[in-house]
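Student: Got a structure for you, questions after.
The values are calculated or read from the model by the stated rules, or taken from the named source; none is laboratory data. All values reported here derive from a predicted model rather than from experimental measurement. No Cβ is skipped: glycine too gets one built from the backbone with ideal geometry, and neighbour counts run over all protein chains shown. Side chains are part of the model used for accessible areas, which takes the heavy atoms of the whole protein and leaves out ligands, DNA and RNA. Shrake-Rupley method; radii C 1.70, N 1.55, O 1.52, S 1.80 Å.
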Amino acid sequence: MKTLFEDVFIPDFDKDVFFKSNVLINNGVIAEITGSRPYADEYYDGAGLYITPGFIDCHVHIESSHLTPSAFGDIVSKQGTLHVVTDNHEIANVGGIEAVKYFMDESKHSLCNIKFAVPSCVPATPFATSGAELSAEEISSLLEREEVVSLGEMMNNPGVIQGEKKFAVSIARANALGKVINGHAPGLSGDDLLKYIAAGVMDDHESESYHDIKTKLEAGLKIFLREGSAEHTDSEAYKLIKEYPDDIMFCTDDKSLNHIMRDGHISYNVNKALQLGIPAVNVLKAASRNGLKYYGLNSYAEISPGMYASFIIADISSESFEIKDIYVGGKKISHYSRENRGTPVPEKLQNSMNIAIQSEIPQMNNEQACIQIKDGSLITEHLVDSSRTYDLKNDILKLCVFERYGHGNRAACKITGFNLKEGAFASSIAHDCHNIVTVGTSNESILKAVNSVINNGGGLAVFDETNLFTLPLEIGGLVTSKTPDTVAEGLEYINELIAKMGCTLTDPLGTLSFMALEVIPHLKLTDKGLFDVDNFRYL
């Protein structure tokens, strides 16, 4: 089957320009770029339109969409993201190596070209309790799989810098196999940053500002500009796409399904860059070729003869990227039919909640410490606050973490920034160990939300002191086999409820999910207590 795309603008990523020509594809491969009009079975009028390689999300945790890999891939591919590199340390922290293998097998049903980063830090540190661990031997065996393109983000920065055996062995094995080594370096600078890079780390996605990102670029790292649900890159930093045209890529990291369906996936990054005045050819290079070549997916990285015919046809203006058609393997994406899914879910993911119904709230060990959050950022501040808990006038609420793997750990502290005026909400999505995390305006409301999550075997729950709404996530307490439309509707309703309860955050569920992550500055709460990230110790 031959198709000729006529009069399309084609990016020349080496010269950073577009040129107009015709593109002939044959049996799923780009056969010719030509000024003539050869015979084809089908002709596509592309006058005024642009053709670009499919986008790649260079670092994503599929679990944050609440969908299985195949369902996630089908959603994002229809938005132009035809390739993703997923680090599934979320599901690994719940179910170990069998959970990772389940995701790898399940992903094969998707239209999206899903590649994998082997989770390198499960758990991220010894300072929180997970449901499983990945040993150096298990990491090594996973690195050998064909669908694996990298060693996942190295989150235990002190361990990497100090050359701890597990991390040194994994990095050496990844190097030997020619795999990328992903980084995670929030706040790293100076000698520590140089030591981290010298250990073998190649990229980072955790910086938000122009200055921090440029510092890391100058030190030799590749950078993924991140636009998730609760985490965003400063607009000024987008200038670096033009300043470092070969070294900038895009990622989402953690993006909820309702935000993907409403705002776009990597297309959101693309539109943001265009609206900030970045030249379209540089934007498309960051969205496609740079990441594809970085991960060795060279056969998808250009619009040129011999490349796979997986691309986007779009109308591009100075402020927007509007998709007209998407082709995968030479066929319109709409021509593919949905396959039956049949990947068995491991037993450990079917029954991941080993916690009894709770009757009381954990005590706070530090009455003065308060976590302060900022909308759109994962970085928290450490406040010293002497006001009472549940001071709603001054937005002092209670944050609690309930360990869910049978050890009985629980912790609580003050938190400010949510602006809740009533009720509570809770989630079994709590990076990275995925215990139950909750925030609320009273002990009673917190218990109502937490116990609903427990009763559902994991998921989300919101209680406004009158009504209770839940979204069960039956696979590991993280994802569900429900249809994307059902999940998106549930998420929208939950967010509406939380907003009515007074919360002013853009993504309250996403923000809550990171309050237990002990590898992002400055103060977090794990199931074992308040954690000072800067000094890597309990407070």
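Student: Given the options 263, 253, name the one that is open to solvent by less than 10 Å² (accessible area, probe 1.4 Å), among the acidic types (Asp, Glu) and within 30 Å of residue 495 (Cα to Cα). Write out each step before concluding.
Tutor: On the way: 263 fails: open to solvent by less than 10 Å² (accessible area, probe 1.4 Å).
Just a single option satisfies the conditions, and that option is 253.
Student: Consider residue 60 carefully, then state whether it is at pLDDT 95 or above and touching a Phe, Trp or Tyr at 6+ places or on another chain (Cβ under 9 Å). Break it down stepwise before answering.
Tutor: Working: at pLDDT 95 or above: yes; touching a Phe, Trp or Tyr at 6+ places or on another chain (Cβ under 9 Å): yes.
Answer is yes for this residue.
Student: Can you go through 240, 292 and tell me which one is assigned to a helix (DSSP H, G or I), of a type in the set (A, V, I, L, M, F, W, C) and in contact with a His (Cβ under 8 Å, 6 or more places away or on another chain)?
Tutor: Details: 240 fails: in contact with a His (Cβ under 8 Å, 6 or more places away or on another chain).
Exactly one residue qualifies, and that residue is 292.
Student: Where in segment 410-528 are the strands (runs of 3 or more DSSP E), entirely inside, with at least 2 residues that are within 22 Å of residue 153 (Cβ to Cβ)?
Tutor: Details: elements: 410-416, 424-427, 436-440, 459-463, 468-472, 523-526.
Once the strands (runs of 3 or more DSSP E) in segment 410-528 are filtered for at least 2 residues that are within 22 Å of residue 153 (Cβ to Cβ), what remains is 523-526.
Student: Just checking, which of 73, 28, 46, 96 is closer than 26 Å to residue 320 by Cα, small (Gly, Ala, Ser) and within 31 Å of the chain's Cα centre (by Cα)? Let's see the steps before the verdict.
Tutor: Details: 28 fails: closer than 26 Å to residue 320 by Cα; 46 fails: within 31 Å of the chain's Cα centre (by Cα); 96 fails: closer than 26 Å to residue 320 by Cα.
Of 73, 28, 46, 96, the one residue that is closer than 26 Å to residue 320 by Cα, small (Gly, Ala, Ser) and within 31 Å of the chain's Cα centre (by Cα) is 73.
Student: With respect to residue 226, is the statement that it is within 27 Å of residue 489 (Cβ to Cβ) and surrounded by fewer than 24 Cβ atoms within 10 Å (Cβ to Cβ) true?
Tutor: Details: within 27 Å of residue 489 (Cβ to Cβ): yes; surrounded by fewer than 24 Cβ atoms within 10 Å (Cβ to Cβ): no.
No.
Student: If the requirement is being crowded, with 23+ Cβ neighbours inside 10 Å, of a type in the set (A, V, I, L, M, F, W, C) and not in a helix (DSSP H, G or I), which of these qualifies: 278, 303? Spell out how you get there, then give the answer.
Tutor: Details: 278 fails: crowded, with 23+ Cβ neighbours inside 10 Å.
It is 303.
Student: Show the residue pairs meeting these rules: Cβ distance below 9 Å; 6+ apart or different chains; first residue within segment 146-160 and farther than 17 Å from residue 203 by Cβ; second residue in a loop (DSSP other than H, G, I, E, B).
Tutor: 158/125; 158/164; 158/536; 159/121; 159/125
Student: Give just the number: which of (1) part of a loop (DSSP other than H, G, I, E, B); (2) surrounded by fewer than 24 Cβ atoms within 10 Å (Cβ to Cβ) does residue 195 not satisfy?
Tutor: Going through the list (1) part of a loop (DSSP other than H, G, I, E, B); (2) surrounded by fewer than 24 Cβ atoms within 10 Å (Cβ to Cβ), residue 195 breaks only (1).
Student: A follow-up question, please. Consider residue 108 carefully, then state whether it is basic (Lys, Arg), open to solvent by 10 Å² or more (accessible area, probe 1.4 Å), touching an Asp or Glu at 6+ places or on another chain (Cβ under 7 Å) and not in a loop (DSSP other than H, G, I, E, B). Steps first, answer last, please.
Tutor: Numbers: basic (Lys, Arg): yes; open to solvent by 10 Å² or more (accessible area, probe 1.4 Å): yes; touching an Asp or Glu at 6+ places or on another chain (Cβ under 7 Å): no; not in a loop (DSSP other than H, G, I, E, B): yes.
No: the conditions fail for residue 108.
Student: Another question, then. Filter segment 309-322 down to the residues that are in contact (Cβ under 8 Å) with a residue 12 or more places away in the chain and either farther than 24 Å from residue 27 by Cβ or crowded, with 22+ Cβ neighbours inside 10 Å (or both) and list them by number. If you could, list the steps in order and put the result at the bottom.
Tutor: Taking segment 309-322 as the starting set, the residues that turn out to be in contact (Cβ under 8 Å) with a residue 12 or more places away in the chain are 309-321.
Matches in segment 309-322: 309, 310, 311, 312, 314, 315, 316, 317, 318, 319, 320, 321.
Student: To continue, here is another question. Please state which one of 216, 166 is at pLDDT below 95 and in a helix (DSSP H, G or I).
Tutor: Working: 216 fails: at pLDDT below 95.
It is 166.
Student: Only residues that are within 30 Å of residue 21 (Cα to Cα) and open to solvent by 10 Å² or more (accessible area, probe 1.4 Å): list them for segment 44-100, please. Step through it out loud before you land on a result.
Tutor: Looking only at segment 44-100, we keep the residues that are within 30 Å of residue 21 (Cα to Cα), and these are 44-58, 76-84.
Scanning segment 44-100 gives 44, 45, 47, 48, 49, 50, 78, 79.
Student: Quick check: anything in segment 21-44 in contact with a helix residue (DSSP H, G or I) (Cβ under 7 Å, 6 or more places away or on another chain) and in contact (Cβ under 8 Å) with a residue 40 or more places away in the chain?
Tutor: Going residue by residue through segment 21-44, those that are in contact with a helix residue (DSSP H, G or I) (Cβ under 7 Å, 6 or more places away or on another chain) are none.
Looking through segment 21-44, none of the residues is in contact with a helix residue (DSSP H, G or I) (Cβ under 7 Å, 6 or more places away or on another chain) and in contact (Cβ under 8 Å) with a residue 40 or more places away in the chain.
Student: Let me ask something else. Kindly indicate whether any position in segment 489-503 is at pLDDT 95 or above, farther than 21 Å from residue 392 by Cβ and touching a Cys at 6+ places or on another chain (Cβ under 9 Å).
Tutor: Within segment 489-503, not a single residue is at pLDDT 95 or above, farther than 21 Å from residue 392 by Cβ and touching a Cys at 6+ places or on another chain (Cβ under 9 Å).
Student: Condition first: assigned to a loop (DSSP other than H, G, I, E, B) and open to solvent by 50 Å² or more (accessible area, probe 1.4 Å). Now tell me which residues in segment 28-43 satisfy that.
Tutor: Of the residues in segment 28-43, the ones assigned to a loop (DSSP other than H, G, I, E, B) are 28, 35-41.
Those that are assigned to a loop (DSSP other than H, G, I, E, B) and open to solvent by 50 Å² or more (accessible area, probe 1.4 Å): 35, 36, 37, 39, 41.
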